[in-house]
1. Can you list the strands (runs of 3 or more DSSP E) found entirely within the range 191-251 that contain at least 1 residues being within 24 Å of the chain's Cα centre (by Cα), of a type in the set (Phe, Trp, Tyr) and within 17 Å of residue 282 (Cα to Cα)?
2. Can you tell me which residue in the range 130-165 is farthest from the chain's Cα centre (by Cα), limited to those that are outside any loop (DSSP other than H, G, I, E, B) and of a type in the set (Ser, Thr, Tyr)?
3. For residue 4, indicate whether it is crowded, with 16+ Cβ neighbours inside 10 Å and either of a type outside the set (Ser, Thr, Tyr) or at pLDDT below 85 (or both).
4. For residues that are over 20 Å from the mean Cα position of the chain (by Cα) and either hydrophobic (A, V, I, L, M, F, W, C) or surrounded by 19 or more Cβ atoms within 10 Å (Cβ to Cβ) (or both), scanning just the range 98-108, find the one that is modelled with the highest pLDDT.
5. Of all residues in the range 8-32, which are of a type in the set (A, V, I, L, M, F, W, C), part of a loop (DSSP other than H, G, I, E, B) and at pLDDT 85 or above?
6. Filtering the range 171-190 down to residues that are within 20 Å of the chain's Cα centre (by Cα) and not in a loop (DSSP other than H, G, I, E, B), which residue is farthest from residue 144 (Cα to Cα)?
7. I'm checking my understanding of the structure. Among residues of the range 33-63 that are modelled with pLDDT under 85 and of a type in the set (Ser, Thr, Tyr), which one is surrounded by the fewest Cβ atoms within 10 Å (Cβ to Cβ)?
8. Looking at 110, 134, which one is within 27 Å of residue 276 (Cβ to Cβ) and touching a residue at least 40 places away in the same chain (Cβ under 8 Å)?
Amino acid sequence: MHSYVSLVQCPEGTVVYTIKTGDTLNRIAQQYNTTVQAIISSNPGIDPYRLFIGQQICIPQNLAVNCPAGSIPYVIKAGDTLGTIAQQYNTTVQAIININPQVDLNWIQVGQRICIPAVEPPVHVRCPQDNYYVIMPGDTFYGIAQYFNVSISELQQLNPNINPNYIIVGQAICIPVAPSPVRIEINKAAFTLTLYHNENVVKTYPVAIGKPSTPTPEGTFSTVNKQVNPGGPFGTRWIGLSKPSYGIHGTSNPASIGTMASNGCIRLHNRDVNELFNFVPVGTTVRIF
């Protein structure tokens, strides 16, 4: 696999591409999910009939790459190979090739967008305080420790079988319980859950709440446990509350979000609860009103 350092200055919204044997603008456009005219417009003066090997041109980035279900987009970085990407995402080179049938993966370019199979391995780790975290792209032990107000040594002690220099996207690890850096407010009337960090709004998510016959309880609670892939109606994540039998979780019925539909728990879209799960440690204050 090859990646190239740019010798030309491409405008914002484009990436550098190096012409190789057999290339045509039509083939390049197909590979990058763009059009021949868009490439010509990004390269004033280019002669589409006189491309030469080693020539560098600018390719418009299509930010709306449509990856098939069960995969996620990935942007090639300097030094990437299919092997290192597969290792990072706990998948195989062949699986990446299979999910990108229109892309010549023998010549990947910095800035190029491809699709990666979204593989989430089963959780083999057992956290003594049920305080889990699922590794995301770009994570480091240092960054995780810093966010959760714990030391790297504490993080390593709780995860003795994990190499901190080789963590895999989708891998679950244990987080030491410490004062939470965040808090949550759930507004039942607005069907929203808002996450705060140091009193600043991080993000607001749409939610489903309890039916009139099984209302969501109001008051101030705390998170007491977390679970990856609880399954069934709980979707992909569970965050248990100090109110017994109640929690914040995903859903097998995404159409219910924004309605009174649950037995009292707070439902989020699975993609949203996956994100929230990693922000919210055990011990986080949750106010429901």
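1. Values: elements: 192-197, 200-206, 219-228, 237-241, 247-249.
Answer list for the range 191-251: 192-197, 237-241.
2. Quick first cut of the range 130-165, residues outside any loop (DSSP other than H, G, I, E, B) only: 132-134, 141-147, 152-158.
Restricting the remaining residues to those that are of a type in the set (Ser, Thr, Tyr) gives 132-133, 142, 147, 153.
Working: 132: 16, 133: 13, 142: 19, 147: 17, 153: 26 Å.
Residue satisfying both the conditions and the ranking: 153.
3. On the way: crowded, with 16+ Cβ neighbours inside 10 Å: no; either of a type outside the set (Ser, Thr, Tyr) or at pLDDT below 85 (or both): yes.
Here the answer is no, as residue 4 does not meet what is asked.
4. Filtering first and then ranking leaves 108.
5. Filtering the range 8-32 down to residues of a type in the set (A, V, I, L, M, F, W, C) leaves 8, 10, 15-16, 19, 25, 28-29.
From what is left, the residues that are part of a loop (DSSP other than H, G, I, E, B) are 8, 10, 19.
The answer is 19, and nothing else.
6. Applying the first criterion (within 20 Å of the chain's Cα centre (by Cα)) to the range 171-190 yields 171-175, 182.
Then drop every residue that is not not in a loop (DSSP other than H, G, I, E, B), which leaves 172-174, 182.
Details: 172: 12, 173: 10, 174: 11, 182: 14 Å.
Applying the filter and picking the extreme gives 182.
7. Within the range 33-63, the match that is surrounded by the fewest Cβ atoms within 10 Å (Cβ to Cβ) is 35.
8. Working: 110 fails: within 27 Å of residue 276 (Cβ to Cβ).
Only one candidate passes the filter, namely 134.
The values are calculated or read from the model by the stated rules, or taken from the named source; none is laboratory data. It should be emphasised that the depicted structure is a prediction, and the values quoted were computed from it without experimental measurement. Quick reminder, even Gly has a Cβ in these numbers, built from the backbone with ideal geometry, and neighbours come from all protein chains shown.
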